[in-house]
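Below is one structure, written out as structure tokens; comments come after it.
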Amino acid sequence: MNEISDLLFLSVLGVTFIAGAAYLVFFFSQNIQVRKIARMILVVSGILQTLYIISRYILVGHTPITSQHEAVVFFAWSTTWAYLSFRWRYTVKNFGTLVTILIFSLLLISSVSSRDITPLVPALQSWWLPVHAGVSLVAYGFLSLAFCGGIMYLLQERELKSKRFGYFFSRFPSLESLDQLNSHCLTTGFVFLTLGIVTGSIWARQAWGTYWQWDPKETWSLITWFIYLVQIHQRFTVGWRGKRGAVMAIVGFAAVVFTLWGVTYLLGGAHSYAG
């Protein structure tokens, strides 16, 4: 089974790379047929990612989300399916190019992390594990889409302001479309992020007798939550849209990345991923 799992992971890397290459070809050629092919390849990547996660579940005997490698793979998986579910409802020109590059980057990062199987510590032996960690990483998937939308917004706005219309102006959506994308992804991601914190607190109460321990990852999760809370509050009350909203989406995602990686390698704590 281990060999099958390794083969699946290599297949995921290869297929996602091809999807990214196809999206880049579409970005420069604007050939609609190429975009359809790229999207189909990304769907295949999403299916293979799902099969790989299932294979890891069979290998480790629990939800494969407790190591750095597994968490990043799940992050990539959630970003993939968040985009594909988003894509069925909205058409955002060339959005898939940037998202697929991010997905491949996450998978590439996961490939350098240890895939060794380690025993699950007693505190994590609970059905709350897939609920809490899974919901949190699904939130990260939608927030990563907001990050990509924020990058596109800033690039498009820069070309509009400079009045030097290059590749981005003709290939990226309007600023209004990108701002709407940002709003949708932020709102969805924030709901899942809130559920992740709530379920984590309930689990902590059952495991350690307290709802909150101020562990470094708990603390940074709360900081990240507040960053997005402020952004959403300001967006719907005083109109933090446009460039300010795009910048905040990027800042929020930086907090997500630090919560996932920075805390593990710099601060440690009970929530740090092994490997």
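The values are calculated or read from the model by the stated rules, or taken from the named source; none is laboratory data. Source: prediction; values computed, not measured. With ideal geometry, Cβ positions are generated from the backbone for all residues, glycine too; neighbour counts draw on all protein chains shown.
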Which residue, of R235, R244, is surrounded by fewer than 15 Cβ atoms within 10 Å (Cβ to Cβ) and assigned to a helix (DSSP H, G or I)?
-> R244
Out of curiosity, is T63 in contact with a Gly (Cβ under 8 Å, 6 or more places away or on another chain) and either farther than 23 Å from F192 by Cα or crowded, with 20+ Cβ neighbours inside 10 Å (or both)?
-> no
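Look through L222, L195, L181 and report the one residue that is part of a helix (DSSP H, G or I), in contact (Cβ under 8 Å) with a residue 12 or more places away in the chain and under 14 Å from T259 (Cβ atoms). Give the derivation first.
On the way: L195 fails: under 14 Å from T259 (Cβ atoms); L181 fails: under 14 Å from T259 (Cβ atoms).
The unique qualifying residue is L222.
Output the residues belonging to the stretch 1-29 that are in contact with a helix residue (DSSP H, G or I) (Cβ under 7 Å, 6 or more places away or on another chain) and among the polar types (S, T, N, Q). Even if it seems obvious, please write down each step before you answer.
Narrowing the stretch 1-29 to residues in contact with a helix residue (DSSP H, G or I) (Cβ under 7 Å, 6 or more places away or on another chain): 1-2, 4-5, 8-9, 11-13, 15-20, 22-27.
Matches in the stretch 1-29: N2, S5, S11, T16.
Starting from residues that are without any contact (Cβ under 8 Å) to a residue 60 or more places away in the chain and in a helix (DSSP H, G or I), keep the ones in the stretch 104-123 and report whichever is surrounded by the fewest Cβ atoms within 10 Å (Cβ to Cβ). Break it down into steps so the answer makes sense when it comes.
Start the filter on the stretch 104-123 by keeping residues that are without any contact (Cβ under 8 Å) to a residue 60 or more places away in the chain, which leaves 105-106, 109-110, 112, 117, 119, 121-122.
Cutting the leftovers down to in a helix (DSSP H, G or I) gives us 105-106, 109-110, 122.
Details: S105: 14, L106: 23, I109: 16, S110: 22, P122: 8.
The selected residue is P122.
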Please find, within the stretch 206-226, the residue that is farthest from D179 (Cα to Cα) out of those that are buried (at least 19 other Cβ atoms within 10 Å of the Cβ) and either modelled with pLDDT of 85 or more or under 18 Å from the mean Cα position of the chain (by Cα) (or both).
-> K217
Could you check how many residues of the stretch 13-60 are free of Cβ contacts under 8 Å to residues at least 24 places away in the same chain and among the aliphatic types (A, V, I, L, M)?
-> 10
Restricting attention to the stretch 75-121, the residues that are in contact with a Lys or Arg (Cβ under 9 Å, 6 or more places away or on another chain) and polar (S, T, N, Q) number exactly 2
Quick one: count up the residues across the stretch 1-23 that are among the polar types (S, T, N, Q) and modelled with pLDDT under 95.
-> 2
Just one of (1) surrounded by fewer than 22 Cβ atoms within 10 Å (Cβ to Cβ); (2) at pLDDT below 95 trips up F75, so point out which.
-> (1)
Is there a residue in the stretch 24-42 that is of a type in the set (A, V, I, L, M, F, W, C), at pLDDT 90 or above and within 16 Å of the chain's Cα centre (by Cα)?
-> yes
Please work out which one of (1) modelled with pLDDT of 85 or more; (2) in contact with a helix residue (DSSP H, G or I) (Cβ under 6 Å, 6 or more places away or on another chain); (3) not basic (K, R) is the condition W203 fails and give its number.
-> (1)
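When you go through A146, A139 one by one, which is the residue that is in contact with a Cys (Cβ under 7 Å, 6 or more places away or on another chain) and crowded, with 17+ Cβ neighbours inside 10 Å?
Values: A139 fails: in contact with a Cys (Cβ under 7 Å, 6 or more places away or on another chain).
Within the list A146, A139, the selection yields A146.
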